[in-house]
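Engineer: Have a look at this one.
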Amino acid sequence: MDQKLSKRVLIITYYWPPSAGSGVQRWLKFAKYLPDSGWEPVIFTPENPDFDLKDQSLLREIPESLEVMKFPIWEPYSLLDKLRGKGKTHPARIMEQKKKGMLEKAAIWLRANFLVPDPRVFWVKPSVRFLSELVKGGQFEAIITTGPPHSMHLIGRELKRKTGVKWIADFRDPWSEWEFLDTMPMSPNIRKKHQRLEKSVLKEADEILTISPTFQKDLERLSRRKVRLLTNGFDPGDLPKGFQPKQKKDGELHLVYTGIIDAIRNPLPLFKALKEEFSTTEDKVKFTFVGRVSEQVKKFVEADTWLKSIVDFAGYVSHQKVFEFYAEADALVLILTDTKNAKGNIPGKLFEYLAIGVPVLALGDSKGDSAAILQNTGMAQVVSHENHVQIQIALRKLMDENMQYESEGMPNQYSRKYLSAQLAEILDEMPMRKNLTQLVPNLFREGDDYPGHSI
């Protein structure tokens with residue numbers, strides 16, 4: 001670490017390697033490049049988190065000089081696992097189960113109406129107690145919390161109230177208007193509690209960050225204040241040395257999708273278009289899914305002889321190994337969500353796709369934030385999930401045209417190094433505020449905010 005660095009920022013995040021996903025990549029890359037702009041990051045993360053997906057290779061990407069503080073966490077789903085007599089079950093998996101027993105239904109109801117804002121809420125009070133003296137002692141010029149889980153923001157809020165430290169709240173997804181909350185049996189009073197907690201975070205944080213223009217507008221509407229936009233991006237250093245996409249062969253099309261296929265990412269319209277366009281031709285088609293795919297989709301493919309012959313489920317692989325699949329792709333597929341928050345959803349892999357240098361076929365809102373980025377690069381076709389004819393036309397274009405792009409064409413504004421410099425500017429600009437416990441002492445009564453306050 002450069003000895004000239006004197007400004008330290010504490011980054012509080014639930015997701016950290018070996019957890020996988022774009023939320024991990026976002027703050028792993030900020031931690032990598034912030035020192036170039038004069039800020040020394042320190043990570044605060046759970047010691048024993050309950051991750052759904054892990055990528056051990058990401059541990060190698062943590063800078064050697066980076067200080068990572070790990071603090072024990074207790075999560076209620078560990079109790080559910082013991083009661084069920086099964087291995088670890090991620091909450092999202094329980095929600096997706098078609099058949100739910102009484103125990104699963106009870107767990108979902110408790111998640112919706114007691115664990116507010118989320119199951120990591122019990123980490124708030126012990127974390128605040130542990131960090132308060134460090135922050136009061138002047139070890140950090142600023143703190144950053146990133147959610148979901150939005151309990152991380154409650155840690156930041158309490159540290160702000162106790163110490164007056166500068167605080168940035170980073171929203172990778174919405175909170176009170178998050179589509180995930182709509183799927184749960186939540187009472188109106190609990191919904192209001194989410195709104196109240198969210199309002200306090202939006203009011204008390206020195207700066208609010210988010211990842212997309214739509215989320216930015218939504219948060220500005222809710223907070224009636226300026227919200228900063230810092231998208232995710234791509235790090236050219238992630239590309240393996242000598243990486244080159246393959247040259248496409250006439251009459252062949254290999255589609256590759258990386259990431260999760262679940263209840264809100266539906267590949268069935270694409271399957272239908274593929275079958276209608278190519279099943280009766282001599283064209284050679286292959287579709288590889290890299291990552292976790294729902295059992296419903298696997299069963300759908302298994303039941304169709306033609307789809308079964310062209311679709312391959314590679315399963316989850318490390319981020320490093322994903323590039324081997326990119327190298328064999330003629331086109332990359334992006335299946336965007338088709339839900340309430342879809343317009344503002346910009347998957348982290350979108351930027352990686354653009355950096356690879358092969359065409360992209362995206363299914364989603366043509367007026368959404370992801371579509372705007374893709375269309376501006378000229379490297380992608382964006383088609384609505386419902387428009388089967390246009391999906392077929394897009395697939396035929398990919399089959400018949402040999403399109404290649406240069407990865408150097410990735411706009412600098414999406415470089416992880418550039419984005420980190422932007423974050424450093426925001427940190428530099430933030431004025432010191434007085435301790436908010438003096439300004440709003442009765443905003444909430446202690447014990448009313450969240451369960452973690454009383455344990």
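Engineer: At q = 0.15, 0.17, 0.26 Å⁻¹, what is the base-10 log of I(q)/I(0) for the stretch 269-325 according to the Debye formula with one equal point scatterer per Cα and no solvent? Please give it to two decimals.
Structural biologist: Normalising to I(0) and taking log10 leaves -0.49, -0.61, -1.09.
Engineer: Please list, in chain and number order, the residues 5+ apart from Ile11 or on another chain whose amide H is under 5 Å from its amide H, with Hs placed from the backbone.
Structural biologist: Those qualifying (amide H under 5 Å, at least 5 residues apart or on another chain) are Val42, Ile43, Phe44, Ile144.
Engineer: I've got another one for you. Pairs to check: Lys7/Lys136; Lys249/Lys284; Lys203/Lys340; Lys7/Lys160; Lys343/Lys397. Give those whose C-alpha atoms are more than 21 Å from each other in this structure.
Structural biologist: Lys203/Lys340; Lys343/Lys397
Engineer: Using a 1.4 angstrom probe and counting only protein chains, how large is the accessible area of Met399 in Å², to 10?
Structural biologist: Result for Met399: roughly 10 Å² accessible.
Engineer: Hey, what number do you get for the chain at 222 nm if only DSSP H runs of n ≥ 4 count, each worth -39500 (n - 2.57), divided across all residues, to the nearest 500?
Structural biologist: Value at 222 nm, helices only, nearest 500: -11500 deg cm²/dmol.
Engineer: Turning to a different aspect of this structure: So how much accessible area does Glu295 have, in Å² to the nearest 10, using a 1.4 Å probe?
Structural biologist: Accessible surface of Glu295 is approximately 110 Å².
Engineer: What does the C-alpha gyration tensor say about the overall shape of the stretch 218-267? Classify as rounded when a/c is under 1.5, otherwise prolate if a/b is larger than b/c, or oblate.
Structural biologist: Cα axes put the stretch 218-267 in the oblate bin.
Engineer: Let me ask you something else. Give, as ranges by residue number, the residues of the stretch 334-361 whose backbone N falls under 13 Å from the point 7 Å along Cα→Cβ of Glu401.
Structural biologist: Those under the cut-off are 359-361.
Engineer: Okay, moving on. Do any of Lys166/Lys217; Lys248/Lys275; Lys29/Lys193 go past 26 Å between their Cα atoms, and which?
Structural biologist: Lys29/Lys193, as the Cα separations exceed 26 Å there.
Engineer: Next question, about the same structure. Helix 188-204 versus the longest principal axis of the chain: what is the Cα-based angle in degrees, 0 to 90, to the nearest 10?
Structural biologist: 70 degrees
Engineer: To the nearest 20 Debye, how big is the dipole of the chain about its Cα centre, given +1 on the beta carbon of each Lys and Arg and -1 on that of each Asp and Glu?
Structural biologist: I would put it at about 1680 debye.
Engineer: Expressed in whole Å with the largest first, what are the equivalent ellipsoid semi-axes of the stretch 210-362 derived from the C-alpha gyration tensor as the square root of 5 times each eigenvalue?
Structural biologist: Working through the eigenvalues yields semi-axes of 31, 21, 13 Å.
Engineer: Which whole-angstrom value gives the distance between the alpha carbon centres of the stretch 214-262 and the stretch 11-58?
Structural biologist: 18 Å
Engineer: What is the angle, in °, between the Cα long axis of helix 388-400 and the longest principal axis of the Cα atoms in the chain? Nearest 10 is fine, range 0 to 90.
Structural biologist: It works out to around 70 degrees.
Engineer: For all pairs of alpha-carbon atoms in the chain, what percent lies in each bin of width 20 Å, listed from the first bin to the last filled one?
Structural biologist: Reading upward from the zero bin: 23, 55, 20, 1.
Engineer: Using θ = phi - 60° and the Karplus form 6.51 cos²θ - 1.76 cosθ + 1.60, what ³J(HN,Hα) does each residue of the stretch 236-248 get, whole Hz, x for Gly and Pro?
Structural biologist: With coefficients 6.51, -1.76 and 1.60, one gets x, x, 6, 5, x, 4, x, 4, 9, x, 6, 7, 6 Hz.
Engineer: For the chain, what is the accessible area per residue in Å², given a 1.4 Å probe and the full set of protein chains?
Structural biologist: For the chain, the per-residue accessible area is 45 Å².
Engineer: Given a 1.4 angstrom probe, I'd like the percentage of the accessible area of the chain that is carbon and sulfur, rounded to a whole number.
Structural biologist: Ligands and nucleic acids excluded, carbon and sulfur reach 50 percent.
Engineer: Taking Cα atoms, how many degrees apart are the long axis of helix 268-278 and the longest axis of the chain, rounded to 10 and kept between 0 and 90?
Structural biologist: Orientation of helix 268-278: about 20 degrees from the principal axis.
The values are calculated or read from the model by the stated rules, or taken from the named source; none is laboratory data. Quantities reported herein were computed from a predicted structural model and do not represent experimental measurements. Positions of Cβ are backbone-derived with ideal geometry, glycine not excepted, and every protein chain shown enters the neighbour counts. Only protein heavy atoms, including side chains, enter the accessible area calculation; ligands, DNA and RNA are left aside. Shrake-Rupley method; radii C 1.70, N 1.55, O 1.52, S 1.80 Å.
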